Amino acid sequence: MAEKKVPKEVKSFIDLLDQAKVLELRDVEILAEEFVINIAPQLIQAVPPAVQQAHAYLEEAVKLLRQALGIPAVPPAVAPPAAPPAPAVPELVKATFEPPVFTYAGSIAEVQIGATSAEGGTRKKVIKVGGESCPPFYRFEKVMPNRPIVALDVFDTLPPLPKTIKDYYRDVLKDHVAWVNKCLEEFKADLVTLHLISTDPAIENKPAEEAAKFVRKVLDQIDIPVIVGGSGNPEKDLVVFEKVAEATSGERLVMASVTIDMDVAKAAQVISKHGHNVIALAFLDINQVKELNRKLMDAGMPKDHIITDPSTGGLGYGIEYTFSVMERMRLAGLMGEESMQVPISCAATNAWAAREAWMPMDEWGPREYRGPLWEITTGLVNMLAGADLFMMLHPLAAMTLKSIAEVLAKPKIEKELREVAYEKWISAKL
């Protein structure tokens, strides 16, 4: 191994030390708190033994000199404390999670909307809702027999609508059949709700017979069933439902809605007589839900022809209470409460009652996005509580919620999920 090369200046100094026999300092005044002469160890190792001995003599001389001058000895260098050992990273216990699987005393009735020619109707397609025997999306217990369905609103007379919604329908607002077909074909809705608001005595007060002809005309030009919505006037709606049920006998449509302030027994009789379904509308009161459903059943309305609507508070306007009511209804039905063993309807359109959905406020962001997001969120929250049927207003919101329902209701995951480093959630790419 080659010997380290000593710099020229250092070598001259070492040569002088090598030649020295005695080290003597004369007329020297040293004013210093510390006096240290250091020769790098690597240089000492590179010089002959005689020079190393001279260096030892020099160090001893310096030591004596410090004592003579009263200069404190240089304290030995204190090594820094050793760094504490890094704590051991504990390993998580690896365990297999087995979700608890329960059986339930009751189940939810399956309601069929629409009837084919073989069933006494003229529809080419029927839709089924409900039929669950476990809480919503408990895939580890049972697969949902029917995914939640989405219906878009169509009005016989145009009410005030937010511009962001009206823009989607400007080309079909005067042609109701084209409007229905656009909802089904372009916006992929499962159903439509024909709202007969023109029959309201406070609006146009159109006769019930005229409303029935309107519904029959639309049905004759489409091949799916529809939901028939009244005006909200309890006396007039009862007459309208009777005439519509008679004009569409055997089609198994849905009449929306029967309320506690109507003649419930008569409504059940005129609707069930022609084989139709009904939505029972309560007002965020679980006891009223039970009472109304029980009255319909006692009047002869079969359980598999009833859909219950407990009312929907939109996002920011009572959605938490709605979720609680719907969840209690669904669990009560599964636990054996017969009056609760029916599918649940959610009017996600109520999200538009919140000013945050439509009010022009720049700091809130574009209304074109706010409104649909408000309606989607309202629908999704209630879907997780157990809602089966959604009445919606904005096409984009309806398409999005339907896509979510299709994914959540799939019987199995189509592709293997890879392990995810959750601690890197900010930068993770899934």
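Odds and ends about this structure:
- Any chance Gly316 is within 24 Å of Pro160 (Cα to Cα) and surrounded by fewer than 24 Cβ atoms within 10 Å (Cβ to Cβ): yes
Rundown of residues vs (1) surrounded by fewer than 17 Cβ atoms within 10 Å (Cβ to Cβ); (2) in contact (Cβ under 8 Å) with a residue 60 or more places away in the chain; (3) in contact with a helix residue (DSSP H, G or I) (Cβ under 8 Å, 6 or more places away or on another chain), yes/no style:
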site: Cys183; (1), (2), (3): no, yes, yes
site: Ala202; (1), (2), (3): yes, no, no
site: Pro207; (1), (2), (3): yes, no, yes
site: Arg216; (1), (2), (3): yes, no, yes
site: Asp223; (1), (2), (3): yes, yes, no
site: Gly230; (1), (2), (3): no, no, yes
site: Lys236; (1), (2), (3): no, no, yes
site: Lys243; (1), (2), (3): no, no, yes
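- Checking Phe214 against (1) aromatic (Phe, Trp, Tyr); (2) under 27 Å from Thr116 (Cβ atoms); (3) not in a helix (DSSP H, G or I), the condition it does not meet: (3)
- Residue pairs whose Cβ atoms lie under 6 Å apart, sitting 6 or more positions apart in sequence or on different chains, and linking a residue in the stretch 85-111 that is more than 30 Å from Pro302 (Cβ to Cβ) and of a type outside the set (A, V, I, L, M, F, W, C) to a partner that is at pLDDT 85 or above and surrounded by 10 or more Cβ atoms within 10 Å (Cβ to Cβ), are Pro99/Phe140.
- Matching residues in the stretch 140-160 - criterion: being within 12 Å of Pro411 (Cβ to Cβ) and without any contact (Cβ under 8 Å) to a residue 24 or more places away in the chain: Lys142
- One residue alone among Val381, Val342 is buried (at least 19 other Cβ atoms within 10 Å of the Cβ) and part of a loop (DSSP other than H, G, I, E, B), and that residue is Val342.
- Hits in the stretch 180-237 (condition: in contact with a strand residue (DSSP E or B) (Cβ under 8 Å, 6 or more places away or on another chain), among the aliphatic types (A, V, I, L, M) and farther than 23 Å from Ser345 by Cα): Val218
- Residue within the stretch 78-99 that is more than 35 Å from the chain's Cα centre (by Cα), surrounded by 10 or more Cβ atoms within 10 Å (Cβ to Cβ) and modelled with pLDDT under 95 present: no
The values are calculated or read from the model by the stated rules, or taken from the named source; none is laboratory data. Computed from a predicted model, the values in this text were never measured in an experiment. All Cβ positions, even for glycine, are placed from backbone atoms using ideal geometry, and neighbour counts span all protein chains on display.
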